[in-house]
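Here the structure comes first, spelled out in structure tokens, and everything after it is commentary.
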Amino acid sequence: MTREEFRKLIEQKLVILDGATGTELAKRGMPAGVAPELWSLEHPEAVMDLQRAYIEAGSDIVYTPTFGGTRFKLSNFGLVERLGEINRGLAEISKKAAGGRFVFGDLAPTGYFIEPFGEILFDEAVEVYTEQAKYLIEGGVDGFVIETMMDIQEARAALIAIRELCDLPVMVSMTYEADGRTLNGTDPVSALITLQSLGADAVGCNCSTGPESMIKVIRTMKEYATVPLLAKPNAGMPKLVDGKTVFEMGPEKFGSFVDEFIEAGANILGGCCGTTPEHIRSLAESAKGKAGRRPEVSSVSVLSSARKSVAMGIDRPFTVIGERINPTGKKAFQAELREGKTSMVQDFALDQQLNGAAVLDVNMGLSGIDEKGMMVKSVKVLSRSSELPLCIDSTKPEVVEAALRVYPGRALVNSISGEAERIEKTLPIAAKYGAMIIVLPLDDSGIPATAEERKGVVNRVFKEASKYGYGVNDIVVDGLVMTVSSDQSAAKTSLDLMEWASREMGFNTTCGLSNVSFGLPSRDQVNSSFLSMAMSRGATTAIANPASKKLMDTVTSCDALWGRDKNLLSYIGRFTGEEAVEIREEDKLSPEKMVFNSVIRGWDDRIEEYIDSALVSGIKAQAIVDDYLIPAITEVGDRFDRKEYFLPQLIMSADTMRKGFAVLEPLLKEDGPRESRGKVVIATVKGDIHDIGKNIVALMLRNYGFEVTDLGKDVDAEEILAGAEKAGASVIVLSALMTTTMVEMKTVIELSKTRGCSYRFMIGGAVVDQNYADEIGADGYSEDALQAVKLAGKLV
Amino acid sequence: MEISNYMKSIPVNMPEKDILARLKFNIHRTRLSDDDRRRITLSMKRGFDLCRPAGMWLRLDISERSENSVLLEDGYELKGKSASGLLAMSRSVIIMAATVGQGIVDLASEAMSLGDGADALIYDAVGSETADGAMDWLNRFLGNEVRRRGERLTSMRFSPGYGDLSLENQVYFYEKLDMSRLGVRLSDKYIFSPEKTVTAIVGVE
């Protein structure tokens, strides 16, 4: 079957697939615990009986029973050496059973996860699927289905394997949980974008849910689908009846969803867990004389990562492509890349995301490093830690290929120019992996001076790209912005080009925004002005630094004015309750007020400076403590009690206060010993190694003026009492996190009583409560660090 | 029949809501400035990046059951009404373990020793919730696996230390699953190290 024949079949009718295989083979004698593929090979009559039943019921396509036919799965049963025989044999049996209907080779999860989410190398996964697919082709399959996938990267590996092996049609089917995402977190639109751009002939979903939920998934995808959509739902959800698991939905009900599926956009239907030939018969009868809706678009301007998709276009919110992951002009970043580290890559990614970037440009162009290696490393790190789609920015084809191969989404390639190498090498690579491309209007003769000449280059590149199947929506034209400080007509040239590309050609457009202001003062102002001009002339994206407040304010305002910001939600969200004014007011406050504010806000990087300023202005150290630090931490405690602050804010303030004390302590000593609220020892009891909670309590107690001796963790009763005696403490604080170790608290208290000591005990930890405190004779229990401070105040 | 497996890498997404809830974030009352949100998010991401979620599981058939115990095919007895109640309709039990490794624990300790209590607290919460997230993931993954065989998992799972399922069962989990393969050790007080390690049982019906 050719891909074209597959496409025509789907245009003619609603294509019907088969139903469940595993449970149906069990009904035909397959015992539990055996290797299903080997049992199927050894019992061809059972396989043929089932597949004939599906064909007779109305299936146009049946799957080979090779769900576990990869070497990884077969190795669980010691069957790797029979991999070829099993896959080829099962394809042959299926072909025989199908009697002229179509047989698709079934590829399914390996049971392992693929980099960047797991340990299996991407190319190793491709190899595993290539091996299985090769034998299925030998067995005569008409096409392939990659099914029940929860890892988009594994689905990509299987799809690439087939695409590198043959030109047969391929359907890819992910499995979505009740929350609408795969177990690995991929949403249906992101999966669709990634898989259809990579060459899938149909995309959809199977298993996990019944028809109702799956209809919603199909509907979500339809708007973006350039390929037919498939759905293979379970027969409802499993229930336990008389000790047996049954799927509640009968054939009649199952078949009743056909019209809803068609309305939602499905073109191919079948059944998964709990479905039988009768379910398929019902489906086929309901589908008679009907066909699914054709895809409504032939190309889409959408990028994807494993967890998110970003749509671009003149009617969409403006897309800022964050430019910061680029070593040019960043010495610290360069040094880190030379050491092979990527922590700044992650920091830049997060910062840009929080500042409003929708896509991340990744450029590893730095002399003296392995650009390809660092690009792949960065792409893997970002694929795990950021949900934003990536823009792969390199002039080297091999770097672009390595990045696109391992990237678990649809990327944007920056860029394809009219230069011969880009056209001949980079363009086919981008096309193979389904990437969108930025077209740069320059060629081997240089940068054309006029907009007209640049249009010529764009048209030539587009013509070449069209040969690989690129459509208008797959292209982003770069305005090629040059600095106006050397050529005052530069901005206008770029704007003219972008307007033409957007309005006349329908392309998305972009520009390296900051170039326009190079060499000028007040660059932020120039950049923002240029951006609003570009947006009014059709620009849909810009490669820029989203940390620029003015720039992002401009984007938000222009989107609101342009009607791209529905109900002005982004505008209101950005500008309501803005804190900038408050901060400027605070800058006018006296240093001692800022000491107070620093504790309130947890500004541990500023408090030392404000304390120094307060001291210089003549305020005594003790007054800073009494009038500003203590009231501030008390206010923080009140806010925590009111739940306006949560734990990290409470502790950030405590950390800030501790830093403040460290500055003041030498001065306070000069004025005599600091007044103590009491002496306390604290320890995690014997056998227990958890100490974060205990450390936090110690920090808070110190901040509130207690003298704290921290004895550490895993401390036995003798040591605790000895420590308390040595410190002259009146209160002992005990911490434990396990039911097996909390009993040590009682041991300590009993030992203390036996010896006639008068220590007062307070306890804390996840497994203890006030009842336990009462039971073991402790004087109190505290739920959190702040309560511990209050309790200690009562006990000393 | 015992069916075991070991997943060296579990693809957990950062459980941000659970981490914030653990840190007592109140969605209606807690006020967070942009700077604080950025800082806290960055710390969560840094911590999460050091988590190495991994897990293992073993399926065992149930031989006998009573009101107070469940006897497994290998002769081990899960004592207690909670386990017995959970597995009342089950034909098998799956014992599971998940860990996020030592890196996040070390990071929290390091932050505390540098005087950064807030980050230490955040890393600690990230480790705990990511370990729970890995167990959730394993639970859902196994749910999908058994469904293909026409079975389902019990809607609840139990961990040693909860209800009357004694912590002493950790020894059985540790040895039966060979959790040393996860780089985990067990103390004589039944405490796992790395501490962000969790175990649980779930029934197969």
(request) Return only the number of the condition from (1) in a helix (DSSP H, G or I); (2) more than 14 Å from chain B (Cβ to nearest Cβ) that residue A:39 does not satisfy. (result) (2)
(request) Please list, ordered by first then second residue, the pairs with beta carbon atoms under 8 Å, 6 or more apart or interchain, first in segment A:211-235 and without any contact (Cβ under 8 Å) to a residue 60 or more places away in the chain, second open to solvent by 40 Å² or more (accessible area, probe 1.4 Å) and polar (S, T, N, Q). (result) A:233/A:213
(request) Please enumerate the residues belonging to segment A:587-616 that are touching a helix residue (DSSP H, G or I) at 6+ places or on another chain (Cβ under 6 Å) and among the hydroxyl-bearing types (Ser, Thr, Tyr). (result) A:598, A:610, A:613
(request) Would you check which residues across segment A:369-382 are within 14 Å of chain B (Cβ to nearest Cβ) and in contact with a strand residue (DSSP E or B) (Cβ under 8 Å, 6 or more places away or on another chain) and list them? (result) A:378, A:382
(message) Being assigned to a helix (DSSP H, G or I), farther than 23 Å from residue A:26 by Cα and of a type in the set (A, V, I, L, M, F, W, C) is the filter here; which residues of segment A:259-282 pass it?
(response) A:261, A:262, A:264
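Quick check: is even one residue across segment A:135-143 buried (at least 24 other Cβ atoms within 10 Å of the Cβ) and within 22 Å of residue B:7 (Cα to Cα)? Write out each step before concluding.
As a first pass, look at segment A:135-143 and keep what is buried (at least 24 other Cβ atoms within 10 Å of the Cβ): A:136, A:141.
Narrowing further to those that are within 22 Å of residue B:7 (Cα to Cα): none.
Within segment A:135-143 (the criterion being buried (at least 24 other Cβ atoms within 10 Å of the Cβ) and within 22 Å of residue B:7 (Cα to Cα)), the answer is no, since none of the residues qualifies.
Considering only residues that are among the β-branched types (Val, Ile, Thr) and within 13 Å of chain B (Cβ to nearest Cβ), look in segment A:673-707 and name the one that is nearest to residue B:195 (Cα to Cα). Please lay out each step first, then the result.
Looking only at segment A:673-707, we keep the residues that are among the β-branched types (Val, Ile, Thr), and these are A:680-682, A:684-685, A:689, A:692, A:696-697.
Right, trim to within 13 Å of chain B (Cβ to nearest Cβ) and you get A:684-685, A:689, A:692, A:696-697.
Working: A:684: 14, A:685: 16, A:689: 8, A:692: 12, A:696: 18, A:697: 20 Å.
Filtering segment A:673-707 for residues that are among the β-branched types (Val, Ile, Thr) and within 13 Å of chain B (Cβ to nearest Cβ), the one nearest to residue B:195 (Cα to Cα) comes out as A:689.
Please report, ordered by residue number, the strands (runs of 3 or more DSSP E) entirely within segment B:1-107 with at least 3 residues that are surrounded by 15 or more Cβ atoms within 10 Å (Cβ to Cβ), within 13 Å of another protein chain (Cβ to nearest Cβ) and over 15 Å from the mean Cα position of the chain (by Cα). It would help to see each step written out before you state the result.
Values: elements: B:3-7, B:54-65, B:69-72, B:77-79, B:92-99.
Those strands (runs of 3 or more DSSP E) span B:54-65.
Quick check on residue A:24: is it assigned to a helix (DSSP H, G or I) and farther than 22 Å from residue A:135 by Cα? Before the answer, list the steps.
Numbers: assigned to a helix (DSSP H, G or I): yes; farther than 22 Å from residue A:135 by Cα: yes.
The answer is yes for residue A:24.
Looking at A:213, A:190, which one is over 21 Å from residue A:13 (Cα atoms) and either within 14 Å of chain B (Cβ to nearest Cβ) or more than 25 Å from the chain's Cα centre (by Cα) (or both)? Reasoning before the result, please.
Details: A:213 fails: either within 14 Å of chain B (Cβ to nearest Cβ) or more than 25 Å from the chain's Cα centre (by Cα) (or both).
Selected residue: A:190, the only one of A:213, A:190 that is over 21 Å from residue A:13 (Cα atoms) and either within 14 Å of chain B (Cβ to nearest Cβ) or more than 25 Å from the chain's Cα centre (by Cα) (or both).
Can you name every residue in segment A:758-778 that is of a type in the set (Gly, Ala, Ser) and exposed (fewer than 14 other Cβ atoms within 10 Å of the Cβ)? First the steps, then the outcome.
First pass over segment A:758-778, keeping only residues of a type in the set (Gly, Ala, Ser): A:758, A:764-766, A:773, A:777-778.
Selection gives A:758, A:777.
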(request) Residues being touching an Asp or Glu at 6+ places or on another chain (Cβ under 8 Å) and surrounded by fewer than 22 Cβ atoms within 10 Å (Cβ to Cβ): count how many of those fall in segment A:103-121. (result) 3
(request) Consider residue A:68 carefully, then state whether it is open to solvent by less than 30 Å² (accessible area, probe 1.4 Å), in contact (Cβ under 8 Å) with a residue 24 or more places away in the chain, more than 26 Å from residue A:290 (Cα to Cα) and not in a loop (DSSP other than H, G, I, E, B). (result) no
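Kindly indicate whether residue A:184 is touching a Lys or Arg at 6+ places or on another chain (Cβ under 8 Å), touching a residue at least 12 places away in the same chain (Cβ under 8 Å) and within 14 Å of chain B (Cβ to nearest Cβ).
Numbers: touching a Lys or Arg at 6+ places or on another chain (Cβ under 8 Å): no; touching a residue at least 12 places away in the same chain (Cβ under 8 Å): yes; within 14 Å of chain B (Cβ to nearest Cβ): yes.
No, not satisfied.
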(message) Out of A:792, A:722, I need the residue that is buried (at least 23 other Cβ atoms within 10 Å of the Cβ), assigned to a helix (DSSP H, G or I) and among the aliphatic types (A, V, I, L, M). Which one?
(response) A:792
(request) Could you grab me the full set of residues in segment A:512-535 that are open to solvent by 60 Å² or more (accessible area, probe 1.4 Å) and in a helix (DSSP H, G or I)? (result) A:515, A:523, A:524, A:525, A:533
(message) Taking the conditions exactly as written (open to solvent by less than 30 Å² (accessible area, probe 1.4 Å) and either at pLDDT 95 or above or more than 14 Å from chain B (Cβ to nearest Cβ) (or both)), does residue A:366 satisfy them or not?
(response) yes
(request) Out of A:85, A:5, report the one residue that is away from chain B (no Cβ under 14 Å), over 29 Å from residue A:196 (Cα atoms) and surrounded by fewer than 16 Cβ atoms within 10 Å (Cβ to Cβ). (result) A:85
(message) Could you check segment A:725-765 and list, in sequence order, the residues that are in contact with a helix residue (DSSP H, G or I) (Cβ under 8 Å, 6 or more places away or on another chain) and within 14 Å of chain B (Cβ to nearest Cβ)?
(response) A:735, A:736, A:737, A:742, A:744, A:745, A:747, A:765
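Can you tell me how many residues in segment A:367-382 are in a helix (DSSP H, G or I) and touching a Lys or Arg at 6+ places or on another chain (Cβ under 7 Å)?
Within segment A:367-382, residues that are in a helix (DSSP H, G or I) and touching a Lys or Arg at 6+ places or on another chain (Cβ under 7 Å) number 1.
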(request) Examine segment A:113-123 for a residue that is closer than 25 Å to residue A:1 by Cα, of a type outside the set (Lys, Arg) and without any contact (Cβ under 8 Å) to a residue 40 or more places away in the chain, and state whether such a residue exists. (result) no
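Mind listing whichever residues of segment B:108-123 are within 11 Å of chain A (Cβ to nearest Cβ) and assigned to a helix (DSSP H, G or I)?
First, pick out the residues of segment B:108-123 that are within 11 Å of chain A (Cβ to nearest Cβ): B:108-109, B:111-123.
If the condition is that a residue be within 11 Å of chain A (Cβ to nearest Cβ) and assigned to a helix (DSSP H, G or I), then B:108, B:109, B:111, B:112, B:113, B:117, B:118, B:119, B:120, B:121, B:122, B:123 are the ones that fit.
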(request) State whether the residues of segment A:501-511 include one that is open to solvent by 10 Å² or more (accessible area, probe 1.4 Å), outside any loop (DSSP other than H, G, I, E, B) and touching a residue at least 60 places away in the same chain (Cβ under 8 Å). (result) yes
(request) Starting from segment B:177-189, keep only residues that are part of a loop (DSSP other than H, G, I, E, B), then list their pairs with residues that are surrounded by 17 or more Cβ atoms within 10 Å (Cβ to Cβ) and of a type in the set (Gly, Ala, Ser) whose Cβ atoms are within a distance under 8 Å, requiring at least 6 positions of separation or different chains. (result) B:183/B:101; B:184/B:97; B:187/A:687; B:188/A:687; B:189/A:687
(message) Let me confirm something: among A:783, A:744, which residue is part of a helix (DSSP H, G or I) and either surrounded by 14 or more Cβ atoms within 10 Å (Cβ to Cβ) or not small (Gly, Ala, Ser) (or both)?
(response) A:744
(request) Considering (1) open to solvent by 10 Å² or more (accessible area, probe 1.4 Å); (2) more than 17 Å from residue A:483 (Cβ to Cβ), say which one residue A:540 fails and leave the rest. (result) (1)
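Yes/no matrix, rows are residues, columns are (1) assigned by TED's automatic domain parsing to the domain that holds residue A:179; (2) within 36 Å of the chain's Cα centre (by Cα); (3) within 15 Å of residue A:15 (Cα to Cα); (4) open to solvent by 20 Å² or more (accessible area, probe 1.4 Å):
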site	(1), (2), (3), (4)
A:220	yes, yes, no, yes
A:223	yes, yes, no, yes
A:229	yes, yes, yes, no
A:246	yes, yes, no, yes
A:251	yes, no, no, yes
A:265	yes, yes, yes, no
A:269	yes, yes, yes, no
A:278	yes, no, no, yes
A:283	yes, no, yes, no
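The values are calculated or read from the model by the stated rules, or taken from the named source; none is laboratory data. Fair warning: this is a prediction, and the values are worked out from it, not measured in the lab. Reconstructed Cβ throughout: ideal geometry from the backbone, glycine too, with neighbour counts over all protein chains shown. Quick note on the areas: whole protein, heavy atoms, side chains included, nothing else; ligands and nucleic acids left out. Shrake-Rupley method; radii C 1.70, N 1.55, O 1.52, S 1.80 Å.
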